[in-house]
Amino acid sequence: MPREYLFVFAQAHDDFRVPELRSVAELHGFPLAIPDDFDPSRPFGVLTLKQEEHARLLARRCILIKAVYEFYARGVTYEALHTQNEAARARWEGYIPDTSFKFAVNGYNHSISKARQREVIESFSYMDYRGKIDLVNPEVIMGCFEEYRDVSGTTRRKNEGAGDFREVFFGRLLEEGGARSLIKKFDVKKREYFGNTSMEAEISLLMANQTLASPGKLVYDPFIGTGSMAYTTAHFGALVFGSDIDGRQMRGKEHQPGIVRAATQYGVRQRILDLCTFDVTQNPWRCGGLFDAIITDPPYGVRAGAKRLGRKKERTGTPSGPPQPRPDDRPYVPPTRPYELSALATDLVALARHLLKPGGRLVFFLPTVTDEYSALDVDVLLCDGMVLVANSLQDFGAWGRRLITIRKDTDREYPPPKFDARPAVLGVVPGPGASEAQEATHVPAHRDFREKYFQGFKKGSDPVKPEAE
Amino acid sequence: MVRLITHNLLACHAKGCTANNFPLQLTDVKLALRDAEFNPDFLRGFLPRIEWPALVQAARQIGDESLPLEQPEMLDDEFLKALHHVLLEIHVEEGAMTCPNCKHVYPISNGIPNMLLAEHEIG
């Protein structure tokens, strides 16, 4: 039976909230309607779900959910709230006779004094709950939430503005968010092995949710580095392959590879299927259609050099053949050249189309320059059979990065891309709303991202010497 | 690592190496055996992607004869358990994989193979 549920959200990563809800709903196979007026910038939201179990599933898996309540009422004043609550009597009157209970009054952007909390609780006395008040382990917890506007940065007296909230919500606690504690568990600072490119825990978890990771799925990270996304993806049950052009990033300095040590710390060692050192543009995969998802944070060229095999300056004549035997023991290290970001991104989407199973997802971060970004930047990455599912911004001011989720919406087999590294001539299908002419000449904001970053994102200024990271 | 499931998916992609580049021949191997979670649904789903003769050859190359030469019609539990063991529980920790065509040697060290190509081998 469809019911309304009150969601209490974490106030971070607003742009990631709806995509995460949709992904987790899709993972569990239930429909989720997000109303047009749903505001991801607010800490509370009311959603209708067909079954209570769906609300619980969301609470258990979404990193951005703090708690889910059965929704009773809302209002811009307590008068309005109590009127609506009376009308919802059928939902809460079953607990009247002898259910132990507790009332909790919470303020968002405001501290509610104990005195006022008591007043608020008193105002609910018409509910006439006869059971025992149990503050420790009640059978039901009633939650009342006053949402205040943000007044940080202003000076105010204690308890000033009390009662002057934007809206108040009321409901019965169904389930506390079970996934937020994972943020602490995967904290990079406490990890056995990490580097300066390691992705922060909360984002790694959101990325894993975007891949729909679950037991039995095969996921691949082609720029695995120190493995940040592998741990969270494996935590949710998937088996993970990783590759990187730089074996040292996967290995670290100890005898046992760093990624294996960190995976062991998290209890997911056996789910890291294998790690391989290779250049994704010269990859050894025998065939396509292998993976349920590809998850990655490609090198932007800022902290980690984005490179591929080859020479920056082409040598005259053909290469002479196998490398000469070396006088010492050191292994042969092939030359590398820069891998420009917009070429890398387009190649990544085309490679994903080849390597993913039908219905599989590509989840990756695309850095962008705030002043220059347009939706067309993402459209030009797409190719036949690949559709955009989500695009969530993590805003750093002059630049940002967007978590892009793309789904392979075809069961046709496609060959791997040629990795020409000439972005202007890659034959992409125009995205919706883009004219052919625009497609051919559009220069996305993330083109030459590395150079822009070191110029401080100012146009026409002298290149700034990169600060030590 | 390197597990045989991975080995079954790797071919030599050196320039010009387009035939007889799979499977890579395993030599000088040092093995480790580690338990892995048994997931029959995963195995059934993955089976269509496996190159069966290459898998059996690789397993025998490193001393495991538990898999039949022909992929059986019946995917019963006993078969799936044997398949599970060979695909996921045998790790080639040291050794090399060599392309039967161009003879490029991909060394495996600490369970991670180096599959970088040399300058003359890239397009």
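Restricting A:171, A:143, A:131 to residues that are open to solvent by less than 20 Å² (accessible area, probe 1.4 Å), part of a loop (DSSP other than H, G, I, E, B) and under 28 Å from residue A:98 (Cα atoms) narrows the list to A:131. Residues of region B:98-118 being within 7 Å of chain A (Cβ to nearest Cβ) and β-branched (Val, Ile, Thr), which ones? If the condition is that a residue be within 7 Å of chain A (Cβ to nearest Cβ) and β-branched (Val, Ile, Thr), then B:112 is the only one that fits. Checked against the criteria, residue A:301 counts as modelled with pLDDT under 75, buried (at least 21 other Cβ atoms within 10 Å of the Cβ) and more than 23 Å from residue B:113 (Cβ to Cβ).
Within region A:362-378, one or more residues are within 21 Å of residue A:22 (Cα to Cα), at pLDDT 85 or above, open to solvent by less than 30 Å² (accessible area, probe 1.4 Å) and outside any strand (DSSP E or B).
Taken over region A:401-424, the criterion of being surrounded by fewer than 17 Cβ atoms within 10 Å (Cβ to Cβ) and in contact with a strand residue (DSSP E or B) (Cβ under 9 Å, 6 or more places away or on another chain) is satisfied by A:409, A:410, A:411, A:412. Checked against the criteria, residue A:195 does not count as open to solvent by 20 Å² or more (accessible area, probe 1.4 Å), modelled with pLDDT under 95, within 24 Å of residue B:41 (Cα to Cα) and of a type outside the set (S, T, N, Q). Could you list, ordered by first residue, the pairs with Cβ atoms under 7 Å in which the first is in region A:1-16 and under 19 Å from residue A:176 (Cβ atoms) and the second is open to solvent by less than 70 Å² (accessible area, probe 1.4 Å) and among the small types (Gly, Ala, Ser), at least 6 apart or interchain? Listed pairs, sorted by first residue: A:5/A:55; A:6/A:171; A:7/A:45; A:8/A:67; A:9/A:45.
Check whether at least one residue in region A:271-283 is open to solvent by 10 Å² or more (accessible area, probe 1.4 Å), under 14 Å from residue B:113 (Cα atoms) and not in a helix (DSSP H, G or I), and report yes or no. Yes, there is a match, as at least one residue in region A:271-283 is open to solvent by 10 Å² or more (accessible area, probe 1.4 Å), under 14 Å from residue B:113 (Cα atoms) and not in a helix (DSSP H, G or I). Selection over region A:227-267 of residues that are among the β-branched types (Val, Ile, Thr) and away from chain B (no Cβ under 13 Å) gives a count of 2. Reported count of residues in region B:20-37, each being of a type outside the set (S, T, N, Q) and open to solvent by 70 Å² or more (accessible area, probe 1.4 Å), is 6. Taking the condition of a type in the set (Lys, Arg) and more than 14 Å from chain A (Cβ to nearest Cβ), does residue B:44 pass? Criteria not met by residue B:44. Annotation: of all residues in region A:200-214 being part of a loop (DSSP other than H, G, I, E, B) and touching a Phe, Trp or Tyr at 6+ places or on another chain (Cβ under 8 Å), the one that is most open to solvent (accessible area, probe 1.4 Å) is A:214. Of the set (1) more than 9 Å from chain A (Cβ to nearest Cβ); (2) assigned to a loop (DSSP other than H, G, I, E, B), all apply to residue B:94 but (2). The one condition from (1) more than 13 Å from chain A (Cβ to nearest Cβ); (2) touching a strand residue (DSSP E or B) at 6+ places or on another chain (Cβ under 7 Å); (3) loosely packed, with under 15 Cβ neighbours inside 10 Å that residue B:61 does not meet is (3). Scanning region B:10-23 turns up at least one residue that is within 7 Å of chain A (Cβ to nearest Cβ) and outside any loop (DSSP other than H, G, I, E, B). Given the condition loosely packed, with under 14 Cβ neighbours inside 10 Å and of a type in the set (Val, Ile, Thr), answer yes or no: does some residue in region B:2-19 qualify? The answer is yes, given that some residue of region B:2-19 is loosely packed, with under 14 Cβ neighbours inside 10 Å and of a type in the set (Val, Ile, Thr). Residues in region A:209-240 that are within 23 Å of residue A:61 (Cα to Cα) and hydrophobic (A, V, I, L, M, F, W, C): A:212, A:213, A:218, A:219, A:229, A:230, A:234, A:236, A:238, A:239, A:240. A search for C-beta distances below 9 Å between a residue of region A:383-405 that is free of Cβ contacts under 8 Å to residues at least 12 places away in the same chain and any residue that is surrounded by fewer than 18 Cβ atoms within 10 Å (Cβ to Cβ), counting only pairs 6+ apart in sequence or on different chains, returns A:396/A:370. For region A:215-236, a tally of residues being closer than 13 Å to residue A:291 by Cβ, open to solvent by less than 10 Å² (accessible area, probe 1.4 Å) and in a loop (DSSP other than H, G, I, E, B) returns 1.
The values are calculated or read from the model by the stated rules, or taken from the named source; none is laboratory data. All of these numbers come straight from a predicted model, not from anything done at the bench. Virtual Cβ from ideal backbone geometry, glycine too; neighbours counted across all protein chains shown. Surface accessibility is based on the protein's heavy atoms, side chains included, excluding ligands, DNA and RNA. Shrake-Rupley method; radii C 1.70, N 1.55, O 1.52, S 1.80 Å.
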